[in-house]
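Here's the structure we're looking at; comments come further down.
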Amino acid sequence: GLANKPLIIGLKANVHEIAATFRKAYPDAKLLYPGKEDFKPDKRHELFRNIANNNYDCIILTHDQFNMIPQSFETQHMIFQQELENVEDSLRVLEQQTKRWASRRMESGLEKRKQNLQSKLKELEHDIALHKDVTVDFRTMGIDHIFVDESHQYKNLMFQTRQNRVAGLGNTKGSQRAMNLFVAIRDIQRRKGTDLGATFLSGTTISNSLTELYVLFKYLRPKALERQRINCFDAWSAIFTRKSTEFEFNVTN
């Protein structure tokens, strides 16, 4: 009863085994496991309508197939609007700093980020007006939980920070595949009114940067972060991390 139409996404190499195991565990379940042919451009929209119009007990897709599902323009607009507000907050903080010379480069980067987000929001507003009649996207499919196998594949989610020259910050711009998953999870969380919208499965939760830990919070615990008044990476890192200056050996010692 926690979820009625869950979706499992996994690597192409593993997904067949996941589907076979699911069928063995739940032989009477109404399972949708579409093949490569179903995702051809001429068949894709029919498949998406099929998902929206049927009450499947489970849907199993590869990561690449999931990335082909159109995401809600409205939810994307909400997410980018929040990111823009975070950038504007960071710029206000920098303006109040006394050592302005130390923050000029940072300020320039944030201004550029602000312009990019404003352009993205205008683009989304245009898309919302243009695609009013588009009926099937992830939000309308009725999927109410996502199991993400090998979830570290989606670690590069965008975030804002005023910090620089710190090892372990990762890529602030993020990737499109991570953004697609983020929008889908936010859709589920908004509909349910709770953080319980996704399950991440991974053997390498953190592989090379500390921001990957923050990203997990951002994906999975937005309401918990909100309750602690954490709305950006800097607020999170002020509580859960510390900066230190240390020597590291390179390959030549």
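All of the numbers you see were taken from the coordinates with simple rules; none came from a lab. Keep in mind the model is a prediction, meaning the values are calculated, not measured. Please note: Cβ atoms are built from the backbone with ideal geometry, for glycine as well, and neighbour counts cover all protein chains shown.
Each of G193, T140, G170 was scored by the projection of its Cα onto the charge dipole of the chain, and the greatest displacement toward the positive side belongs to G170; charges sit on the C-beta of Lys, Arg, Asp and Glu. Considering only Cα atoms, the convex hull volume of the range 5-89 works out to 131 Å³ per residue. On the principal axes of its alpha-carbon atoms, the range 210-253 has extents of 47, 17, 11 Å, going from largest to smallest. Ranked by the mean number of other Cβ atoms within 10 Å per residue, highest first, peptides 79-89, 154-164 order as 154-164, 79-89. With helices as the sole contributors, the chain gives -16000 deg cm²/dmol at 222 nm; each DSSP H run of n ≥ 4 counts as -39500 (n - 2.57), and the sum is divided by every residue.
Summary of packing: across the peptides 139-148, 178-187, 26-35, 224-233, the per-residue average of other C-beta atoms within 10 Å ranks them, highest first, as 178-187, 139-148, 224-233, 26-35. So how far, in whole Å, is the C-alpha centre of the range 1-61 from the one of the range 164-223? Computed from Cα coordinates, the inter-centre distance equals 23 Å. Here the range 134-253 has an Rg and Dmax of 16.3, 60 Å, counting Cα atoms alone. Based on the reciprocal of the average 1/r between different C-alpha atoms, the Kirkwood radius for the chain equals 20.2 Å. Taking Cα atoms only, the orientation of helix 211-220 departs from the longest principal axis of the chain by about 50 degrees.
Considering only Q76, A129, I9, the residue lying farthest towards the positive end of the dipole of the chain is Q76, judged by Cα position with unit charges set on Cβ. Placing unit charges on the Cβ atoms only, positive for Lys and Arg and negative for Asp and Glu, gives the chain a dipole magnitude near 580 debye about its Cα centre.
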